[in-house]
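The values are calculated or read from the model by the stated rules, or taken from the named source; none is laboratory data. Just so it is clear, the model here is predicted, and its values are computed rather than measured. Here the Cβ is made from the backbone with ideal geometry for all residues, glycine too, and neighbour counts use every protein chain on show. We work out accessible area using only protein heavy atoms, side chains counted, and drop any ligands, DNA or RNA first. Shrake-Rupley method; radii C 1.70, N 1.55, O 1.52, S 1.80 Å.
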Amino acid sequence: MRSRASDIKRQPSDINSHLSIPPTAWYRSLTAAGLRNPQVHGCARYWLRVEGSFTRALQKQCTRSFDVEVRQEGFAPPSLEESRRLDIPPRQHAWIREVRLCGDGEPWVLARTVIPLSCLEGEGRRLLHLGNRPLGAYLFSSPLWQRGPLETGVCNPAVAGQPQLARRSLFSGHNSSLLVGEYFLPALFGRNAL
Ligand SMILES: C=C(O[C@@H]1C=C(C(=O)O)C=C[C@H]1O)C(=O)O
């Protein structure tokens, strides 16, 4: 008997493949992104544009709990596109932090932050030890960090349930910037009528 795709047993590593970040094209304007994916004008619009701390905005939607789950953190080379956006040499390692932002026990957002070496000097060393504390609490507690314009990401999901839309921005400190990307999981839209 021929096996159907649905009969194929998922390996343990596959089970959460929808919780990984798909390839994403970035747009400076919401309108340009909307030509690729009109969903930017739907319920995602609020999240694509919300100002201030994204963590705070998520916390306001939680009824019981908000958690940051660290998926991976360490020195690694960013993608070439990220290096270009950060204006750092290609292949120069950066501190890369990938987390799940969970509301009421469910993953709502995947976040990837690329922190160049120049951000990790002095006071910035604290960025290496955030653990499960949200990065937003650190960035928004200091007037040093200023957020640049928001970009809109249109994802190319390979697996059902992966994010379709994302946002990202540079946060600029003294002489250095870091790049924060937030990728929206379907569960983010399942619960409210923003
Ligand atoms: C940048 C912020 O921090 C949030 C927290 C993150 C983390 O802890 O790694 C990542 C992305 C953000 O959504 C924010 O709250 O705006």
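Of everything in the range 118-131 that's part of a loop (DSSP other than H, G, I, E, B) and more than 8 Å from the ligand (Cβ to nearest atom), which residue is nearest to Gly52 (Cα to Cα)?
Result: Gly131.
How many of the residues in the range 83-109 are more than 21 Å from Arg125 (Cα to Cα) and under 16 Å from the mean Cα position of the chain (by Cα)?
Total meeting the criteria: 9.
When you scan the range 96-117, do you find a residue that is more than 10 Å from the ligand (Cβ to nearest atom), open to solvent by 50 Å² or more (accessible area, probe 1.4 Å), assigned to a strand (DSSP E or B) and in contact with a Leu (Cβ under 9 Å, 6 or more places away or on another chain), even just one?
yes
Please work out if Glu81 is within 15 Å of the ligand (Cβ to nearest atom) and of a type outside the set (Ser, Thr, Tyr).
No.
Can you work out which of the residues in the range 146-194 that are open to solvent by 50 Å² or more (accessible area, probe 1.4 Å) and charged (D, E, K, R) is modelled with the lowest pLDDT?
Of everything passing the filter in the range 146-194, Arg191 is modelled with the lowest pLDDT.
How about the range 158-194: which of its residues are charged (D, E, K, R) and within 16 Å of the ligand (Cβ to nearest atom)?
Arg167, Arg168, Glu182
Got a sec? Which of Leu19, Leu48, Leu86 is modelled with pLDDT under 95, surrounded by 12 or more Cβ atoms within 10 Å (Cβ to Cβ) and of a type in the set (A, V, I, L, M)?
Being modelled with pLDDT under 95, surrounded by 12 or more Cβ atoms within 10 Å (Cβ to Cβ) and of a type in the set (A, V, I, L, M) holds for just one of Leu19, Leu48, Leu86, which is Leu19.
Filter the range 129-145 down to the residues that are hydroxyl-bearing (Ser, Thr, Tyr) and open to solvent by 60 Å² or more (accessible area, probe 1.4 Å) and list them by number.
Ser141
What are the residues in the range 90-135 that are in contact with a helix residue (DSSP H, G or I) (Cβ under 7 Å, 6 or more places away or on another chain) and farther than 20 Å from Ser177 by Cβ, if any?
Passing the criteria: Arg100, Leu101, Gly103, Glu106, Pro107, Trp108, Val109, Leu110.
Those residues that are open to solvent by less than 60 Å² (accessible area, probe 1.4 Å), near the ligand (Cβ under 10 Å from one of its atoms) and touching a residue at least 12 places away in the same chain (Cβ under 8 Å), I need them from the range 51-71; list them, please.
Gly52, Ser53, Phe54, Thr55, Leu58, Val68, Val70
Which one is farthest from the ligand (Cβ to nearest atom), of the residues in the range 133-157 that are part of a strand (DSSP E or B) and free of Cβ contacts under 8 Å to residues at least 60 places away in the same chain?
Gln146
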